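Notes for the one structure printed next.
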Amino acid sequence: MPAILKKTRSLCPKCNAVLDATILEDGGKVWLERTCPEHGHFRDLYWSDAELWKKFERFESIGKGIENPHRDAPPDGCPSYCGICTNHKSATLLANIDLTNRCNLNCDFCFANARACGYIYEPTFDQVMAMLRLLREEKPVPTPAVQFSGGEPTMRDDLPRIISAAKDMGFPQVQIATNGLKLARDISYLRELKDAGLSTLYLHFDGVTKETNFKIETDKNVVGNCEELGIGIVLVPTIIKGRNDHEVGAIIRFAADHIRVVRGVNFQPIAFTGAASEEDVARERITIPELLQDIESQTSGIIKKDDFYPVPCVVPISDFVEAFTGKPQIRFTAHQHCGAATYVFVNDDGLTPVNRMVDVENFLSALNETAEKLKKGGFLMKYRALFETISQLNHSVKKDEYKTGRDLWKLLGKTLIFHNFDALREFHWNALFVGTMHFMDRYNYDLSRVQRCCIHYATPDGILIPFCTYNSGPVYREVVWKKWSKPLDT
């Protein structure tokens with residue numbers, strides 16, 4: 001018997017009309033249902049594991065948005081006239097800026113669909129600078145990370161200058177989303193990007209064999225060049241059922257083998273933003289729970305489905321730091337069903353998920369309780385609460401099970417006692433981030449997810465647009481690109 005879990009709003013996959021929708025449980029899975037007056041009833045898979053959906057639901061954390069939104073709420077409701085408006089509930093954690101729609105590849109599942117446009121989109125240097133300033137002016141916390149994307153951002157001659165300007169504006173994290181072709185063959189260019197201030201490569205990496213990744217040798221050269229120069233990499237596989245989902249475990253092992261520079265793997269289950277048929281969706285759709293089950297199976301249970309948590313689970317860390325320092329912090333208030341993540345320590349003994357070393361939920365609960373105490377007390381109360389927290393966290397860290405647990409405890413103690421929250425960066429050098437973000441398409445579009453999006457696109461119009469609105473549904477990418485385009489032959 002189907003059970004209603006939530007009400008939301010969605011889109012008609014035929015005409016993009018905004019419709020009332022129901023999220024319901026049926027047969028152990030979670031479905032999205034809505035009815036269009038013109039095109040009829042639609043029922044699409046939302047999550048393939050209802051119990052995991054409920055676990056993630058417990059971590060819901062609705063933010064307050066930003067203090068200086070770019071628009072008033074649209075009179076016709078979301079997602080019409082979309083931008084970061086008074087309806088939006090999250091600040092910008094990561095901003096994308098499309099530098100060009102030119103590309104030196106032609107992938108059949110590309111978000112940008114660059115070759116098919118028939119025109120050039122390439123904002124000027126001054127327009128890019130205006131977008132960067134918009135991000136750093138966001139309140140109460142300036143946007144901490146920017147990613148230059150496209151097309152292929154290395155097609156622009158002024159990319160080093162743009163990266164340098166972003167660092168000068170104060171972005172702690174500056175990264176590029178790249179296919180790596182130019183970086184594999186020209187290490188001097190990669191060195192130029194590093195010297196300009198590049199933090200991380202977001203490398204398109206779909207598998208470890210030629211069958212799943214035609215540019216695997218190129219990718220290996222990119223990793224080798226980054227190892228030589230000390231540049232961090234996040235591997236970004238687009239996962240398509242029946243094409244490369246059988247290699248997710250091998251991709252994680254590849255990352256672990258190159259832990260010196262590979263900081264993480266961010267799996268992206270395919271979103272059907274192009275001209276996909278319902279048959280394509282049924283055949284190739286892979287949900288977050290299915291991906292996590294594949295990871296568990298293909299790592300022989302070393303990394304389990306239950307090791308993963310939703311993005312907003314870390315909100316108590318922001319609460320604690322904000323309460324302790326009195327300074328506003330970035331807040332990971334993305335929708336609880338947008339993604340999942342864990343950390344895996346790579347050491348001589350192999351892979352050790354952080355859950356084996358830390359009672360994650362107890363750890364987060366302790367921070368949450370302390371944050372509430374810190375908000376109420378003065379100087380003495382602050383330090384009393386701090387040492388009570390250290391005692392509670394001592395019970396959360398499983399020091400006797402893994403030697404890495406002792407190292408983690410020392411790091412947490414150093415961070416809390418000496419107020420050096422930058423010390424947490426050491427954690428990332430010793431651990432591999434394994435995560436997934438399932439961006440939406442017109443078949444699984446949930447407006448409550450759009451309103452909580454933390455990944456935004458900056459545009460020459462002087463507004464920010466949530467990722468899934470920009471790339472699917474109304475397809476604002478095409479609107480923005482066409483508005484600021486020029487003919488191909490110029």
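Points worth noting:
- Residue check for Phe205: in contact (Cβ under 8 Å) with a residue 12 or more places away in the chain, assigned by TED's automatic domain parsing to the domain that holds Ile463, of a type outside the set (D, E, K, R) and in contact with a Leu (Cβ under 7 Å, 6 or more places away or on another chain): yes
- Considering residues of the stretch 330-380 that are over 23 Å from Val141 (Cα atoms) and assigned to a loop (DSSP other than H, G, I, E, B) only, the residue modelled with the highest pLDDT: His337
- Yes/no for Leu159 being more than 25 Å from Phe272 (Cβ to Cβ), under 22 Å from the mean Cα position of the chain (by Cα) and either crowded, with 17+ Cβ neighbours inside 10 Å or among the hydrophobic types (A, V, I, L, M, F, W, C) (or both): no
- One residue stands out among those in the stretch 40-89 that are in a helix (DSSP H, G or I) and aliphatic (A, V, I, L, M): the one that is nearest to Gly27 (Cα to Cα), which is Ala50.
- Residue satisfying condition, being under 26 Å from Lys305 (Cα atoms) and buried (at least 19 other Cβ atoms within 10 Å of the Cβ), within set Ala3, Ala50, Ala95: Ala50
- Condition check for Phe272: in a helix (DSSP H, G or I), not assigned by TED's automatic domain parsing to the domain that holds Val30 and not charged (D, E, K, R): no
- Subset tally (residues that are more than 18 Å from the chain's Cα centre (by Cα) and assigned to a loop (DSSP other than H, G, I, E, B)) for the stretch 445-486: 9
- Filtered residues of the stretch 32-47 (kept if surrounded by fewer than 20 Cβ atoms within 10 Å (Cβ to Cβ) and within 15 Å of Asp446 (Cβ to Cβ)): Glu33, Arg43, Leu45
- Criterion: modelled with pLDDT under 95 and either of a type in the set (Asp, Glu) or in the same structural domain as Ala184 (by TED's automatic domain parsing) (or both) - qualifying residue of Arg263, Arg253, Arg243: Arg263
- Among the residues making up the stretch 405-438, a single one is at pLDDT 95 or above, of a type in the set (A, V, I, L, M, F, W, C) and buried (at least 21 other Cβ atoms within 10 Å of the Cβ): Val434.
- Pairing residues of the stretch 217-239 that are buried (at least 24 other Cβ atoms within 10 Å of the Cβ) with residues that are of a type in the set (Lys, Arg), at Cβ distances under 8 Å and at least 6 apart in sequence or on separate chains, gives Ile233/Arg263.
The values are calculated or read from the model by the stated rules, or taken from the named source; none is laboratory data. All values derive from a computational prediction rather than experimental measurement. No Cβ is skipped: glycine too gets one built from the backbone with ideal geometry, and neighbour counts run over all protein chains shown.
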